[in-house]
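Enquirer: Let me give you the structure first, and then I'll get to my questions.
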Amino acid sequence: MVYLIFILYPVIQAVWMGFYERDLLSLDRQEFIGVDNYVEMFWGDGLVWKAGTMWPWRIIGLLGIIPAVVAFRRGRLRAGSLVAIIIGLIAVFGVIMGIHPGEGGRWNDSQFWPSFGNTLVFVIMSTPVIVGVGLAMALALNRPGRLVGVLRTLFFAPYVLSVSVLTLIWAFLLSPQLGLIGAFWRSIGLEPVSWLTDPSLAMPTIVALTLWWTVGFNVVLFLAGLQDIDESQYEAASLDGANGWQRFRHITVPGLRRTLLLITVLQIIASFQIFGQVFILTRGGPNGATRVSIQHIYEAAFRDAQLGYASAMSVFLFVVMVGVSALQFNFMGGDNR
Amino acid sequence: MTSSYNPKTTNSPWPLLLMLLAVLSLVAAACGGDDDSDDAASEETEAAEEAGAEAEAEAEEAEEAADSEEEMADEGSGDDIVLAFARFFGDCEEDVAGVTDVNQATTECEVIQIIENAFNAEDNGIRVEKIGGQAWGDYYTQLTTAFAGGELPNVGVMHQHRLPDFAGRGLLMPLDDAFANSSVIDFDDYTAPAQAAAQLDGTTYALPFDIHASLWHVNVDLFEAAGLTDGDGNPIAATSPEELIEQCEAIEAATEAQCFGHDWFEFGVGARLFLGLVQQQGGSLTDDSGAATPNTPEGQEALAVLNGLAEYSDVTQGYTDSQSAFLNGDIAILHNGTWVVDQYSREAGFNYVATNVPTLYNSPSVWGDSHMWVLPMASNEDPAVSAASVAFLEYLYENIPGWAKGTGHIAPRASVLGGDELADAPQRANYADTASSAGLVPSVEGWAGAWDALAEEVNATWITGKDQDTALADAEARMNDALG
């Protein structure tokens, strides 16, 4: 019941508001406008389709068919799911991503797709790194000892910081003129790097500080998963002459499958929701290189008071996140069905 | 703790040692950061004058605001009318607790807090209680939420550039009658930019508290070394873009210093200079119908001047970096606002002068804005409450000299500008002209979004080398999207 009130109701309300033009500052005035908000989001003037638009990304996306087929062959995927995935990938990467504004044309909302693209970039960069480093650290820390206990606490420590403290620390560290890192750079005779103002470095820098901030949480979850693996399996494997990598590959990884799935899904969802770090550190800059979807939604709702449009964008983000999570469960959770 | 561990999997000490090293460096980093977080926080407040900040604390602070309002309702059991007062400028209640002499203030925050203290110390049957106190990017989010959710302040601060968003929706109380009936407030005493700032379509919605604007903060020692001072030792003002570049050439030839500095990417300071330079040429950022028009010959010229200055600057410097480099003596001209004049007067270890942004074209003009006080309609419906709110406005009006003196902001009233209250305040005479040349941003709904788009596009020309014509065309399209 509580779940219904606090989780489901806002989602339903967001969907409902997405069909209205609604002004945050004069809530009594609202107008049903059907799918206009979605047209504003997705569409534009003078759009054309070209096979070559963003082709490297689209080919990588289409290659996603291969693991789906492999998973199907191994019996991890039902035929229906396979067909759905193939159709979905072809639709998104083969067709939809070919649409772009032609000569003189433009998107209705010139910031919607770029900010969604930046969000995807963040998700794609941050998820493997934060999950992978979390796993590596958990493996290294999965041993008894006082020092290890202290380290575990230390690694978890940044996670308790609020985003404002986090950004204050890093804004200071990263400042080319005043920061510690800039001073270090100078001390070895190099020009300090403008981490947050170089459009190609800003997003990786955000990923790095997010790693520092949140990896401790994944470490704790992985450690819990590791402790659930029966030690006798390792002993038996050692007796059979398995080396460290074989033990990891054949005991640890299968034993962690569920934990890995959980952490990956949680991480992807968390990464899609990136906002605080970029909003405070770069405000979406430089040149929009770090403007992410949530910031765009926030600005639409609270700066421009366009509540209906912001709701529609949240619904889109919600659907994408649900879709990606469902794919995850399909691929990684396959053994459990 | 031990039984389920498998010590055999990783026996080498190296991973552990490496991790230890990593941890130590991170801890060191964190401590370093923590030590400075106070500093950073105060800088934040400073920068927050013109810049936004924390999104995170929002929900929390909005709650606090709501709580304190409730508290107020409870405490209001005495005879006093309690006014909820919403503002930014920071929190310093404890630093100046009990202080009622405005001359003791050293920061914006302290000035306004002391004015509030002094008002509450008077026996006037009204008590003012502050809600919020946060950086302003955050402030408007809270204020917007307050308007949507109903937990409103009785008196609040507002910039000129945000007034149309609220007044245009009928959320603010028209004040023409209140001012006409007041024996204290003389609206005609306000300067032209201040009057324009407070009005929308001929109706007055606000009491201007100041005009704040861009200034040239000059290191005169460097100017002198480059031979750019007049007979009295004052820095010579450039009168054309070419002359400005010549000054930079001279400074860089004669000294080690960087000629020009400002925040190149954080808070849209480049867009401010852009606005001023467009208006100096007689141009405007909007046309008669209210549509955005940055992509004009005047706009192209202004953007070219900015990119010319970038050659004599360091475009990786943001607000804080450029400020500290200037105070360190490494920058000859810093473009920043009125709000830092007193701070620089205290802290600069060189011959410091704050002066008008030079007029490079036909007529003087410089970016300006105004801090103003407004009364939300819904929280002032009770005549007793609105009378109390107006009484507080009158008190604030009387304290405009104290605000101008304590902060460096320009007094918006002719009688104060011409009076002797500010005569002994540092630097004020050097930038007196800015009082009349401050060019406000257009009074149109949705300007905040349009301004952000403009700032991002002009910034792109020096950060990423984006083509200037493309940037202005994109800016125009995006600004008009925002203006709707």
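Enquirer: Length gain on complete extension for the stretch B:Asn362 to B:Asp186, per 0.36 nm per residue less the alpha carbon to alpha carbon distance?
Expert: Using 0.36 nm per residue and subtracting the Cα-Cα distance, I get 60.1 nm.
Enquirer: Ratio of chain A's C-alpha Rg to 2.2 N^0.38 Å, to two decimals?
Expert: With N residues counted in chain A, Rg over 2.2 N^0.38 Å equals 1.15.
Enquirer: Residues of segment A:48-68 with backbone nitrogen within less than 15 Å of a virtual label 7 Å along the Cα-to-Cβ line of A:Ile86, please, listed as ranges.
Expert: A:62-68
Enquirer: How would you classify segment A:280-332 from its alpha-carbon gyration tensor, with a ≥ b ≥ c the square roots of the eigenvalues: rounded for a/c under 1.5, else prolate if a/b is greater than b/c, otherwise oblate?
Expert: Oblate, since a/c reaches 1.5 and b/c is not below a/b.
Enquirer: Follow-up. Using 7 Å Cα-to-Cβ label points, what is the B:Asp230/B:Arg346 separation (nm, one decimal)?
Expert: Going from the B:Asp230 label point to the B:Arg346 one covers 3.1 nm.
Enquirer: With N set to the residue count of segment A:64-138, report its C-alpha Rg divided by 2.2 N^0.38 Å to two decimal places. Could the numbers behind the result be given before it?
Expert: Numbers: Rg = 17.4 Å, N = 75, 2.2 N^0.38 = 11.3 Å.
Normalised Cα radius of gyration, segment A:64-138: 1.54.
Enquirer: What are the ³J(HN,Hα) values, in whole Hz, obtained from phi via the Karplus relation 6.51 cos²θ - 1.76 cosθ + 1.60 with θ = phi - 60°, for each residue of segment A:129-139 in sequence order, with x given for Gly and Pro?
Expert: Result, ordered by residue: 5, 6, 5, x, 5, x, 5, 4, 5, 5, 4 Hz.
Enquirer: Treat every Asp and Glu Cβ in segment B:332-484 as -1 and every Lys and Arg Cβ as +1, leave all other atoms uncharged, and give the resulting dipole magnitude about the Cα centre to the nearest 20 debye.
Expert: Details: 6 positive and 20 negative charges, 98 e Å.
Taking the Cα centre of segment B:332-484 as origin, the dipole is about 480 debye.
Enquirer: Here is a follow-up. Treating the beta-carbon of each Lys and Arg as +1 and of each Asp and Glu as -1, no other charges, what is the dipole magnitude of the protein assembly as shown about its Cα centre, to the nearest 20 debye?
Expert: The dipole of the protein assembly as shown has a size of about 6280 debye.
Enquirer: Normalised radius of gyration for the protein assembly as shown, please: alpha carbon Rg relative to 2.2 N^0.38 Å, two decimal places.
Expert: Expressed relative to 2.2 N^0.38 Å, the Cα Rg reads 1.04.
Enquirer: For segment B:174-300, how big is the tail of P(r) above 20 Å, as a whole percent of Cα pairs?
Expert: I get 64 percent for the Cα pairs in segment B:174-300 exceeding 20 Å.
Enquirer: At what distance in angstrom do the alpha carbon centres of segment B:422-440 and segment A:147-220 lie from each other?
Expert: Their Cα centres are 42 Å away from one another.
Enquirer: Also, quick follow-up: Separation of segment B:353-369 and segment B:182-249 by C-alpha centroid, Å?
Expert: Taking the Cα centre of each part, segment B:353-369 and segment B:182-249 sit 5 Å apart.
Enquirer: What's the percent breakdown of Cα-Cα distances in segment B:146-226 across 5 Å bins, shortest bin first?
Expert: Over segment B:146-226, the share of Cα pairs per 5 Å bin runs 3, 12, 21, 19, 14, 8, 6, 5, 4, 4, 3, 1 percent.
Enquirer: List the residues whose amide H sits under 5 Å from the amide H of A:Gln30, counting only those 5 or more places along or on another chain, with H placed 1.01 Å from N in the peptide plane.
Expert: Placed amide hydrogens put nothing under 5 Å from A:Gln30.
Enquirer: In addition: Kindly state, to the nearest 0.05, the FRET efficiency for A:Val121 paired with A:Ala326, given R0 = 25 Å and r defined as their beta-carbon distance. All intermediate terms of the calculation are to be shown ahead of the outcome.
Expert: On the way: r = 22 Å, r/R0 = 0.87.
In this case the efficiency is close to 0.70.
Enquirer: Lys/Arg Cβ at +1, Asp/Glu Cβ at -1, dipole of segment A:175-300 taken about the Cα centre: which of A:Ile297, A:Trp213, A:Thr264 is farthest positive-ward?
Expert: A:Ile297
Enquirer: Another question about this same structure. For the protein assembly as shown, give the share of DSSP beta bridges that are antiparallel, in percent and rounded to the nearest 5; count only bridges with both residues there.
Expert: Numbers: 34 of 49 bridges.
Around 70 percent antiparallel, to the nearest 5.
Enquirer: Another question about this same structure. Rg and Dmax of segment A:14-62 over Cα atoms: what are they, in angstrom?
Expert: Cα only, segment A:14-62: 17.0, 48 Å (Rg, Dmax).
Enquirer: If you don't mind, there's one more thing I want to ask. Which far-off residues, 5 or more places away or on another chain, put their amide H under 5 Å from the one on B:Gly337, with H placed in the peptide plane?
Expert: B:Leu215
Enquirer: Per the helix-only calculation at 222 nm, which mean residue ellipticity applies to chain A, given -39500 (n - 2.57) for every DSSP H run of n ≥ 4 and division by its residues, nearest 500 deg cm²/dmol?
Expert: The helix contribution divided over chain A gives -19000 deg cm²/dmol.
Enquirer: To check my understanding: the extent here is largest minus smallest coordinate of the Cα atoms along each principal axis. What are those three numbers for segment A:44-107, in Å, largest first?
Expert: 49, 20, 13
Only the coordinates and a few stated rules stand behind these numbers; no lab work does. None of the values given here were measured: they were computed from a predicted structure. All Cβ positions, even for glycine, are placed from backbone atoms using ideal geometry, and neighbour counts span all protein chains on display.
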